[in-house]
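The values are calculated or read from the model by the stated rules, or taken from the named source; none is laboratory data. None of these values were measured; they are calculated from a predicted model. Every residue, glycine among them, receives a Cβ derived from its backbone with ideal geometry; neighbour counts consider all protein chains shown.
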Amino acid sequence: MSETRPPVGVIFDMDGVLVDSADAHFESWRRVAAELGRTDVTRQQFEASFGRRSAEIIAEWFALADPAAAAAVDRRKEEIYREILSGGVPEMPGARQLVVSLHRAGMRIAVGSSGPPENVSLVVHALGLMPMLRAIVTGRDVQRGKPDPQVFQVAAQRMVTELRHTVVVEDAPPGVLAARNANMPCIALASTHPAASLCEANRIVAQLADITPAAILELVGLDPAAQSGSDPVGP
């Protein structure tokens, strides 16, 4: 009889991993900057910021001394983002299929995002992921943004999985560093950043289809032949 393996968790970043949202984010930043009289936000500047919390980006780009004014810009930017996505949420190829396969393999799934809960809720419901998620952690649940590991540590805690048995799937260097700072295994998807900038990850893939339950188990050092100790619900 095969042994029962400990619970295995997989935490997905949202933007650039589950949803192809780079264009929507750039356009929302461009529009909110224009409302503030700024027309100098470049694609290169935006791409360097991808994966960070909006509040940190606003402080760096707009240098607003009034916290209330900065918070208003943050809210407006995210409102524009959701308006854009209301026309359709662009799923990253294979995202839902991967979540389903990991869930059916008995793994515990979470989303760990720097975005606000309204954004995350929009995406997970549009992609039909909610029944398969054990935890959702957003930028509002943590005090420190990536590369601080807090978002992933909280997600693992809510899933009740050990950090060493919890794999992070990320697309941005700050997120990869956050996983490494938590001593959590990490798979980097080279979707929004070149592979060379993701070298701190344990593994780099070109597409989500390259991630399998067996690959997750190998990364956390567990026997694929062992029975899952998890109890998946939903699809």
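Which condition from (1) buried (at least 21 other Cβ atoms within 10 Å of the Cβ); (2) part of a helix (DSSP H, G or I); (3) at pLDDT below 95 is the one that PHE46 breaks?
Tallying (1) buried (at least 21 other Cβ atoms within 10 Å of the Cβ); (2) part of a helix (DSSP H, G or I); (3) at pLDDT below 95, PHE46 fails exactly one: (1).
In the stretch 1-56, how many are among the aromatic types (Phe, Trp, Tyr) and in contact with a strand residue (DSSP E or B) (Cβ under 6 Å, 6 or more places away or on another chain)?
Residues flagged as among the aromatic types (Phe, Trp, Tyr) and in contact with a strand residue (DSSP E or B) (Cβ under 6 Å, 6 or more places away or on another chain) within the stretch 1-56 amount to 1.
Which of (1) touching a Ser or Thr at 6+ places or on another chain (Cβ under 7 Å); (2) over 19 Å from ALA95 (Cα atoms) is the odd one out, the single condition LEU163 does not satisfy?
(1)
Between ILE11, ILE58, which is over 16 Å from the mean Cα position of the chain (by Cα), closer than 17 Å to GLY145 by Cα and surrounded by 18 or more Cβ atoms within 10 Å (Cβ to Cβ)?
One residue alone meets the criteria, ILE58.
Before we move on, is ALA209 under 16 Å from VAL8 (Cβ atoms), at pLDDT 95 or above and part of a helix (DSSP H, G or I)?
So ALA209 fails the test.
Look at ILE11 and say whether it is in a strand (DSSP E or B), in contact with a His (Cβ under 7 Å, 6 or more places away or on another chain) and either modelled with pLDDT of 95 or more or not assigned by TED's automatic domain parsing to the domain that holds GLN143 (or both).
No.
May I ask you to verify whether SER28 is at pLDDT below 90, buried (at least 18 other Cβ atoms within 10 Å of the Cβ), in contact with a helix residue (DSSP H, G or I) (Cβ under 7 Å, 6 or more places away or on another chain) and hydroxyl-bearing (Ser, Thr, Tyr)?
no
Regarding the stretch 81-91, can at least one residue be identified that is closer than 18 Å to GLY16 by Cβ, under 14 Å from the mean Cα position of the chain (by Cα) and β-branched (Val, Ile, Thr)?
no
Could you please let me know if SER101 is buried (at least 23 other Cβ atoms within 10 Å of the Cβ) and among the small types (Gly, Ala, Ser)?
no
Any idea which of (1) hydrophobic (A, V, I, L, M, F, W, C); (2) touching a residue at least 12 places away in the same chain (Cβ under 8 Å); (3) out of contact with any strand residue (DSSP E or B) (no Cβ under 8 Å at 6 or more places or on another chain) is the one CYS199 doesn't satisfy?
Against the list (1) hydrophobic (A, V, I, L, M, F, W, C); (2) touching a residue at least 12 places away in the same chain (Cβ under 8 Å); (3) out of contact with any strand residue (DSSP E or B) (no Cβ under 8 Å at 6 or more places or on another chain), CYS199 comes up short only on (2).
Of the residues GLY106, GLY51, which single one is part of a loop (DSSP other than H, G, I, E, B) and at pLDDT 90 or above?
That would be GLY106, the only listed residue that is part of a loop (DSSP other than H, G, I, E, B) and at pLDDT 90 or above.
Between a residue in the stretch 125-144 that is of a type in the set (Lys, Arg) and any residue that is in a strand (DSSP E or B), which pairs come within a Cβ distance under 9 Å, given they are 6 or more apart or on different chains?
The qualifying pairs are ARG134/GLY9; ARG134/ARG108; ARG134/ILE109; ARG134/ALA110.
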